[in-house]
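The values are calculated or read from the model by the stated rules, or taken from the named source; none is laboratory data. Because the structure is a prediction, the values reported are computed rather than measured. Don't worry about glycine lacking a Cβ; one is built from the backbone with ideal geometry, like all the others, and counts go over all protein chains shown.
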Amino acid sequence: MQPINTIHLKTFSDLGVSEKFIKALLEINIITPTEIQEKAIPFLIEKGTDFIGQAQTGTGKTAAYGLPVLQAINPDKPNIQALILSPTRELGQQIAKQLFKFTKYIPKKIFIESVYGGAHIEEQISSLRRPTHIVVATPGRLVDLLERKAIDLSFIKTIILDEADEMLSMGFKKELDNILKFTAGKRHTWLFSATMPPEIKKIISGYMSPNVLKIEVNKNDITNRDIEHKFLVCTNEEKPEVLFQFIQSQGANRGLIFCRTKAEVQSVSKKLIGRKINTDALHGDMLQKERDKVMRAFKNSKLQILVATDLAARGIDVRELAFVVHYQLPEKTEYYTHRSGRTGRAGNKGFSLSMISSKEQSELRNLERELGIKIKEIHK
């Protein structure tokens with residue numbers, strides 16, 4: 001892989017972003033490029049060849065790939081020129097909405113469609129018959145559309161894998177292989193991921209150029225600067241009361257509580273509701289319309305607390321969350337990264353609290369070593 005020179009650029013204009021997009025960025029209060037944007041945008045605009053960006057959730061990845069991909073679109077051609085793959089419907093919708101905001105002042109419209117499971121496929125097929133330049137898709141729904149020959153990817157120049165590690169942890173390896181094989185040829189692949197597990201490395205070696213450019217936003221800097229990591233030792237019997245006292249100490253601050261299982265999510269949310277805390281639950285067995293309703297309430301600040309499993313919380317992008325609580329430690333190291341990354345976003349400070357038994361302290365130390373962070377103890 002090629003090395004990259006780290007040049008500190010301070011404005012989007014310096015990065016090569018067109019003025020027509022900068023006007024829209026200013027309007028939505030995106031003024032100073034983040035580190036991933038500074039490092040990625042100039043290369044993606046000038047070269048646009050295979051690229052790997054390793055950066056945490058909340059570091060501005062959507063603009064890092066979104067602005068270059070929009071700048072490369074030819075709006076005079078009605079074909080799909082770029083494909084963005086996302087692990088969840090929620091994240092896919094957010095990406096499409098963000099790209100649409102970036103295009104507010106361009107002279108000729110760029111059409112973006114979002115396709116995902118849990119919605120009528122016939123309606124999505126109908127939308128794709130209109131001129132479409134960029135498709136944002138979940139892997140499962142895209143495979144369905146390809147099998148029905150309802151989407152034409154023969155003109156695409158770029159595939160973007162956003163939150164690639166999340167897609168693999170959700171079991172989309174087979175779908176990603178199918179999509180990458182189907183589109184192999186002249187397209188370039190831009191891969192963004194918070195972590196680099198072995199499955200990601202297989203995708204890189206199997207489908208990307210050996211000269212792929214890789215950049216990494218220093219995860220230690222992000223974690224240590226923006227998120228304070230603490231842990232608290234208590235028994236399972238003490239946990240509900242300790243959690244309640246912690247939430248009370250946070251006043252009106254909003255946060256996410258993570259559990260490993262659906263049963264634990266339901267139990268914790270029920271107890272908090274019983275203590276008159278504005279709470280709801282999010283887990284994988286819920287119908288899509290139920291999940292959408294809960295997410296709308298959380299995003300609109302009608303809920304103070306959301307209790308969720310790791311998979312159900314994929315794609316949650318709610319700004320100004322003050323804290324994340326690991327009611328149960330995650331099954332995988334990368335889950336801790338994704339959980340904690342829901343707080344401390346967009347330059348705000350965050351707080352990540354792990355509630356553990358005395359036996360789990362060694363597990364926590366392993367997390368510290370693997371992630372290069374310090375998790376300090378607080379007492380009840």
Of (1) under 20 Å from Val217 (Cα atoms); (2) assigned to a loop (DSSP other than H, G, I, E, B); (3) out of contact with any Phe, Trp or Tyr (no Cβ under 8 Å at 6 or more places or on another chain), Asn29 fails just (1)
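Looking only at the stretch 322-361, how many residues end up being part of a loop (DSSP other than H, G, I, E, B) and either more than 21 Å from Lys239 (Cβ to Cβ) or modelled with pLDDT under 80 (or both)? Working first, answer last.
Let us first name the residues in the stretch 322-361 that are part of a loop (DSSP other than H, G, I, E, B), namely 322, 327-332, 341-349, 357.
From what is left, the residues that are either more than 21 Å from Lys239 (Cβ to Cβ) or modelled with pLDDT under 80 (or both) are 332, 341, 344-349.
Number satisfying all stated conditions: 8.
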Examine the stretch 50-67 for a residue that is surrounded by fewer than 23 Cβ atoms within 10 Å (Cβ to Cβ), among the charged types (D, E, K, R), modelled with pLDDT of 95 or more and in a loop (DSSP other than H, G, I, E, B), and state whether such a residue exists.
-> yes
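Does Ser127 satisfy the condition of being assigned by TED's automatic domain parsing to the domain that holds Leu44, of a type in the set (Gly, Ala, Ser), out of contact with any His (no Cβ under 9 Å at 6 or more places or on another chain) and in a helix (DSSP H, G or I)? Give the steps one after another, and end with the answer.
Working: assigned by TED's automatic domain parsing to the domain that holds Leu44: yes; of a type in the set (Gly, Ala, Ser): yes; out of contact with any His (no Cβ under 9 Å at 6 or more places or on another chain): yes; in a helix (DSSP H, G or I): yes.
When the stated conditions are applied, Ser127 passes them.
Is the stretch 310-318 home to any residue that is more than 17 Å from the chain's Cα centre (by Cα) and buried (at least 16 other Cβ atoms within 10 Å of the Cβ)?
Step one: of the stretch 310-318, the residues more than 17 Å from the chain's Cα centre (by Cα) are none.
No: zero hits.
Here are some residues: Gly140, Gly171. Which one is surrounded by fewer than 23 Cβ atoms within 10 Å (Cβ to Cβ), assigned by TED's automatic domain parsing to the domain that holds Gly48 and in contact with a Gly (Cβ under 6 Å, 6 or more places away or on another chain)?
Working: Gly171 fails: in contact with a Gly (Cβ under 6 Å, 6 or more places away or on another chain).
Only one candidate qualifies: Gly140.
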Any hit, the stretch 364-376, residues being surrounded by 15 or more Cβ atoms within 10 Å (Cβ to Cβ), touching a strand residue (DSSP E or B) at 6+ places or on another chain (Cβ under 9 Å), at pLDDT 80 or above and outside any helix (DSSP H, G or I) = yes
Looking at this structure, is Asn236 under 29 Å from Glu377 (Cβ atoms) and touching a strand residue (DSSP E or B) at 6+ places or on another chain (Cβ under 7 Å)?
-> no
Filter the stretch 267-294 for residues that are buried (at least 22 other Cβ atoms within 10 Å of the Cβ), closer than 19 Å to Tyr116 by Cα and in contact (Cβ under 8 Å) with a residue 40 or more places away in the chain and give the result.
-> none
Hey, any hits in the stretch 188-197 for a residue that's surrounded by fewer than 14 Cβ atoms within 10 Å (Cβ to Cβ) and either more than 22 Å from His338 (Cβ to Cβ) or free of Cβ contacts under 8 Å to residues at least 24 places away in the same chain (or both)?
-> no
